[in-house]
Amino acid sequence: QFFVFCHGFLQLSQLLVSGYLKSSISTIERRYGLSSQTSGLLASFNEVGNTLLIVFVSYFGSRVHRPRFIGAGAILVSLAGFLMALPHFITGPYEYDHSVASTFSNTTDLCQPRNPRSWLNLSDAACTPHATRKNHEVLLVMFIAQTLQGIGGVPIQPFGISYIDDFASERNSPLYLGILFSVTIIGPGVAFMLGSAMLQFYVDIDKVNSDEVQLTHENPRWVGAWWLGFLVAASLVALSALPYFFFPREMPKEVGEVDLWALHTLLPLLLAGFPLVLLRNLRHPVYLLVVLAQVNISAMVAGLATFMAKFLERQFSLTASLANMIIGAVNIPGATVGIVVGGAILKRFQMSLRQCSAMCALGMSLCLLVAFPLLFLGCPTQKIAGVTYSDSSEFGPHQLECNLHCNCPKKAYNPICGSNSIEYISPCSAGCRAVIFQEHNNSVLSYTNCSCIFQDGLPGSATPGSCGTGCSHLFLPFVVLSCLAGILASTSHTPSFMLILRSVQPEDKSFAVGIQFMLLRVLAWMPGPVLYGSAIDTTCILWEKRCDRKAACRYYNNTLFRQRYLGLQFFFEVGAF
C-alpha cells in the first residue's frame, strides 16, 4: 500500500512536469519569440524518447530491480524539469518598449518628430550574432530537456503497474490500478492550476523590483513566471523518487496467492513471435478500427491540450492565468466525469461488444452536435490601425499618414486602445506625444495629444493595453458547450478499451495494448501538436520580427484562427465517429 501511495505521488508529479509546459506554452512563445509550430513540436518532443525505449524497457521488465529503475527514471524526469527552467537563468531580463525613459533604456516609444536618430538603438541593439545564438541555445536546452523527460518517464508506468500487479492480491490489484489511473486523469488538471498560479507573477520576479515593472496582467506584452512552475514540479519529482531506492526487488505477495503472469514475463516470449502476432492483431478489423478511432480522438486531445489556453486568450481576450484556470477547473474535470460515467454505464448494463461500439458511436455523434456551434462562437479581430483596419492611405502598421513625422521604429510594440476604439501598435504609431502617469505607482494612465486619433476634430487620447475582441458575452456559452462536448466524447473511453481487450485473443492482450499505445504515440501525440501549431501559424496577420526572422505572432485573424483550430478538432471528431 505504501508502494501504491508512492507511485501515485510520483505519477502526479511527473504529470505536473509534462502538463505544466502545455499550460505555459503561450507565455514561452512570447518570451522567446517562437512560432506555434515550434512550440507544438517542443510540446510533443517528450514522446520521442519515450516511444524509442518503451519496447526495450517492457522487455527487460522481469530481469531488473524495478523500484530502482523507477527511481532512476524519476531522477531523470526531475533533472529535465530543472533543465526546462534553465533558459530563464541564462538569458537576460525580458525587454519590452517603455513609454518613458527609465533604468532599462533611454528611449521612449512616444512620437518624437525632432530626432530620428534616437530610434536606432531600439531596433538594432538586439541583433548581434550573440543574441541570435542565445535564442538557439534556449531552444536546444528545452528540446534536450523534453527528450530526457520522455526517456525518464519510460520505466515509471510499466514497471510500477507490473510490480503492483505481481505482489498485490488478485482482489486488490484492480483497486490499486484504479487509484493510479484516477491520478493520471487528475494530473493535467493540477498542472493547469499550477500554471494559472505561477503566471500571475512577473517573469523576472528574481531580477527586477516589482515597482519597476510597468506592465499589468492584462497587457498583451505581459510574460508570467513560466519557469517557476518547472522548479516546483521538478522538486516534487525529486522528492517522490527517493523512496524507490529502498523498496525490495521482490515483495511477499499479499494474501490471496495467485501468480498473475504479468506483462514482463510475457514479452520475451512475444518478441520471438513478434511479427506474427503483430500482423494477426493489425489484420483484426475490430481492433484496427477501434485503434484508428482512438488515434483520431487522441489527435484532437493533443491539439486541445497544447493550444486551448492560447485560443481562449486570443478569442476572448483573457489573461494566460485565467485561461489555464478554466481548463484546469472546468474542461479537464469534465472529461474525467465523462470517463467515469462511461465506465459506470458499462458496468451497470453489462454491455456486449456490439452495445459497446453503439455506445461509442452515440457518444461521438452527440459530441459532434454539441461541438458544431463552437465554430461560430467568437468575434473577429479588433480594429488595429494598419493591420486589420485602414484609412485611405497606408504604408503598414508603423507608417500611417498621420504618424509619418514621428519616425516610428519598425519593432515598437506597446499596444494602446484609442478613444475611437481602434487599437494602435504603439503610442508612436498613433502619433501620441504626451503621457500621463498614475501618481502612486508610476504606471501609465493614458497617452494624449495623439495625431491619429480624432475626437470632435481634436487630437484624442488612448489607454495602454489592447482594445480586446469584445467577445466576453460569448465566453460562458463557449465554455459550457466545450465542456459538454468533452464529457460526451470521453464517455467512449472505457467502452473502446473494452472493445480492444475483448476482440483480441486472450494471450495477445498485453501485446495488443502495447501496440495500441505505440500507434497512439506515433500517429497522434507526436504529430498532433505540430499539426495544430502549423494551422494556427497560417492565421497570423502580424509577426514580431527579431533580427529579420519571424518570431512570435502579435495578432491573429481571430475568425480564421477559430475556424482552423476548432475545424481541425471537428475533423478528428468526425474521423473518430
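The values are calculated or read from the model by the stated rules, or taken from the named source; none is laboratory data. The model shown is predicted, which means the values in this text are computed figures rather than measured ones. Neighbour counts run over all protein chains shown; Cβ positions are idealised from the backbone, glycine included. Heavy atoms of the whole protein, side chains included, go into the accessibility calculation; ligands, DNA and RNA do not. Shrake-Rupley method; radii C 1.70, N 1.55, O 1.52, S 1.80 Å.
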Residue-level accessible surface for Val444, protein heavy atoms, 1.4 Å, Å²: 20 Å²
The chain: calculated mean residue ellipticity at 222 nm from DSSP helix runs of at least 4, using -39500 (n - 2.57): -19000 deg cm²/dmol
Crossing angle, helix 46-59 versus the chain [Cα axis fit, 0-90 degrees, rounded to tens]: 10 degrees
Label-to-label distance, nm, for residues given as Phe376 and Leu242 (7 Å Cα→Cβ offset): 5.8 nm
Per-pair calculated FRET efficiency, R0 = 51 Å: Asp211 and Arg63 via Cβ, rounded to 0.05: 0.25
Built amide H within the under 5 Å cut-off of Gly460, gap 5+: Cys450, Ile453, Phe454, Gln455
For the chain, share of DSSP beta bridges that run antiparallel, in % to the nearest 5: 90 percent
Rounded tilt (10° steps) of 493-503 against the dominant C-alpha axis of the chain: 30 degrees
Net lengthening on full extension, Leu279/Phe349 (0.36 nm per residue, minus Cα-Cα): 21.9 nm
Accessible-area value, Val504, 1.4 Å probe, nucleic acids and ligands omitted, Å²: 10 Å²
Cα centroid separation - segment 477-551 against segment 431-458, whole Å: 47 Å
Pair-distance profile P(r), taking every C-alpha pair of segment 401-464, with 10 angstrom steps and integer %: 24, 55, 19, 1
Extension gain (nm, one decimal) between Gln200 and Ser443, 0.36 nm per residue minus Cα-Cα: 85.7 nm
Fraction of the pair-distance distribution of segment 518-577 above 16 Å, Cα-Cα pairs, percent: 55 percent
Most to least accessible of His473, His7, His217 (protein chains only, probe 1.4 Å): His473, His217, His7
Solvent-accessible area per residue for the chain (1.4 angstrom probe, square angstrom): 44 Å²
Charge dipole (segment 499-577, unit charges on Cβ, about Cα centre) - positive-most of Gln505, Ile541, Leu568: Ile541
Normalised alpha carbon radius of gyration of segment 432-577 [divisor 2.2 N^0.38 Å]: 1.71
Using a Förster distance of 25 Å, the FRET efficiency for Gln1-Leu501 (Cβ separation, nearest 0.05): 0.40
With Cα atoms, 0 to 90° folded angle of helix 66-90 axis to the chain main axis: 0 degrees
The chain - charge dipole about Cα centre, Lys and Arg +1 at Cβ, Asp and Glu -1, debye rounded to 20: 940 debye
